[in-house]
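Everything on this sheet refers to the single structure shown next.
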């Protein structure tokens, strides 16, 4: 058993395709993303980062509380215009969003889906205001004489608070991306799991060496997959270390809990691959293509979800294992251990169910080549 | 007393409408090298796969070492070494690691395994290649590695399924010598091939298969005695007309005459004067002859006479 695991690990480590697809892709994409985000953070810190937005008010003469707050935020380049002009400017990309004030109880925000960071920042501004709007209303109703000073005070604080939030938000985006890349690298074992399961089921290949019982074959497959999982965990840690130590990204997560999620992520990936290898219908080529599509789909949906926040994509991402894993690790940052444990249990159980199905498929299937 | 290692009785294996093995019976005695000879598609590999319980049989009984063979008969399987037609080694592991891995499936004790692996390496003489990965090995060396992986754990019964396919003559000789040595060391061997020369050279007993059935069984001398052809005379002649061919056919011991590409091929019954009778006819009719060859029957002749087709058809 130990001998088998030893060689399973050696084989995985010498599998150039696996190592390239798992480490290099994650490291390369993570590095590009880091420098893109880093440059934006520098602009934010230098005060040279501006987001052009339009403000559409029902009555231009009437200064609303929210309008005052917007005016206080340095990084916003405000232009007051009517809705038609604003929509045209948004469409042409001259502005990143439209704040609509005075038409409803709460201000509204219109953003285009391709304005990734700007959209997030604008969203956080409006969220910040909505959270505090009750305070202004209370003051206006109960102590209108203090409204002006409160407004100035809160506007100042609001600007500062928003600024801080924006910075946090940018860090969160970066952190989320880095965790997504680490998770992607951990999931790359999916293809090795697929190959190992097919290999374990091929009695012609097994004949000269694995002339053992069905139970023996199961044990061999399990140790094989565990060996690949161990290598995948190592790869995830290496990617993590690169982001944290070389790029200096603050991945403020408990390393033990992150390690547990890496293990479950890797196990899930390997189990998914093995499941596709033996249980999924279709020819080997078809199954391989479906698996590749599923893997790429997980990554693409993850990116789309992070960048565009499209409602449909977000709904799909609730079932995207990659994003579930990212959410689980991000939940640790928020101190939401219940959420983390919940996700980990779902992933662990899914992995075990797929492994059990794979084992049963391995037991059932027999070599059928005629000579 | 002869100890039967393998006993197959009335084995039947079907793949949908195709009957791959049809009521096939076989007995292999301890210490012998049994050759399973037949053209491609004759059912040799299917028989081996059934014997190893790699495929489910439709009918028949298979006993190995006196015990009933089944998919989970691990106690039997650990004493069997298999070298299948396809080279089955790991591309990522070196020669040493591959042999160590396969040996490790059966031999758990580290010291014993280390010794066995070294002995297997010595046996196939891959000492200079132990740190090489398979893709760096030539076809012949790769086959040797495949054999080493199958026999490293010192099995009592070794099954080799066409181990010399696509191997150069030098490596082939080397592999055949190695198989003889394994047999001398006490292993019982089942060797399948469609190369009759290998079977003749190696096997103490031969079973000929065709279309899933046993055609004949015996030593090579016994098999050759089963057919009418006792000798084949081949003579180079420039021109020979149909009249002379018919004249040759009328010679008492001649069973068939063929003339193609200036080569006359005459098959004769077993006898002592076949060549003399043919030469006398040519001499009497002033037919000049070039090179003359007289050959004893081969296994191909046996197969040809029994099935009406060549082994390599």
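The values are calculated or read from the model by the stated rules, or taken from the named source; none is laboratory data. Being a predicted model, the structure only gives us computed values, none of them experimental. Heads up, the Cβs are rebuilt from the backbone with ideal geometry, glycines too, and the neighbour counts pull from every protein chain shown.
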Task: Complete set of residues in the range A:3-18 that are within 17 Å of residue B:135 (Cα to Cα) and either facing chain B (nearest Cβ under 7 Å) or in a loop (DSSP other than H, G, I, E, B) (or both) - done: A:10, A:11, A:14, A:15
TODO: Kindly list the number of the only condition in (1) at pLDDT 80 or above; (2) loosely packed, with under 12 Cβ neighbours inside 10 Å that fails for residue A:104.
DONE: (1)
Task: residue B:79, sole failed condition from (1) under 20 Å from residue B:147 (Cα atoms); (2) more than 8 Å from chain A (Cβ to nearest Cβ); (3) surrounded by fewer than 21 Cβ atoms within 10 Å (Cβ to Cβ); (4) out of contact with any strand residue (DSSP E or B) (no Cβ under 8 Å at 6 or more places or on another chain) - done: (4)
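For every residue, the table says whether it meets (1) facing chain A (nearest Cβ under 8 Å); (2) in contact with a helix residue (DSSP H, G or I) (Cβ under 7 Å, 6 or more places away or on another chain); (3) outside any helix (DSSP H, G or I); (4) surrounded by 19 or more Cβ atoms within 10 Å (Cβ to Cβ).
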| residue | (1), (2), (3), (4) |
| --- | --- |
| B:36 | no, yes, yes, yes |
| B:46 | yes, no, no, yes |
| B:53 | no, no, yes, yes |
| B:88 | yes, yes, yes, yes |
| B:103 | no, yes, no, yes |
TODO: Enumerate the helices (runs of 4 or more DSSP H) found wholly within the range A:136-249, keeping only those where 3 or more residues are at pLDDT 60 or above and more than 14 Å from chain B (Cβ to nearest Cβ).
DONE: A:147-187, A:189-201, A:214-241
Task: Residue among A:44, A:53, A:27 that is crowded, with 16+ Cβ neighbours inside 10 Å, at pLDDT 85 or above and under 25 Å from the mean Cα position of the chain (by Cα) - done: A:27
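When you check residue B:109 against the structure, is it within 14 Å of another protein chain (Cβ to nearest Cβ) and within 22 Å of residue A:215 (Cα to Cα), yes or no?
The answer is yes for residue B:109.
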Open item on the list: Go through the range B:55-69 and report how many residues are surrounded by 15 or more Cβ atoms within 10 Å (Cβ to Cβ), within 13 Å of chain A (Cβ to nearest Cβ) and not in a strand (DSSP E or B).
Closed with: 3
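Identify, from the list B:107, B:76, the residue that is modelled with pLDDT under 90 and either under 23 Å from residue B:163 (Cα atoms) or in a strand (DSSP E or B) (or both).
On the way: B:107 fails: either under 23 Å from residue B:163 (Cα atoms) or in a strand (DSSP E or B) (or both).
So the residue among B:107, B:76 that is modelled with pLDDT under 90 and either under 23 Å from residue B:163 (Cα atoms) or in a strand (DSSP E or B) (or both) is B:76.
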- [ ] Could you check, for the range A:66-83, whether at least one of its residues is within 30 Å of residue A:244 (Cα to Cα), at pLDDT below 70 and within 29 Å of the chain's Cα centre (by Cα)?
- [x] no
Open item on the list: Of everything in the range B:155-166, what is crowded, with 20+ Cβ neighbours inside 10 Å and more than 13 Å from every other protein chain (Cβ to nearest Cβ)? Give them in sequence order.
Closed with: B:164
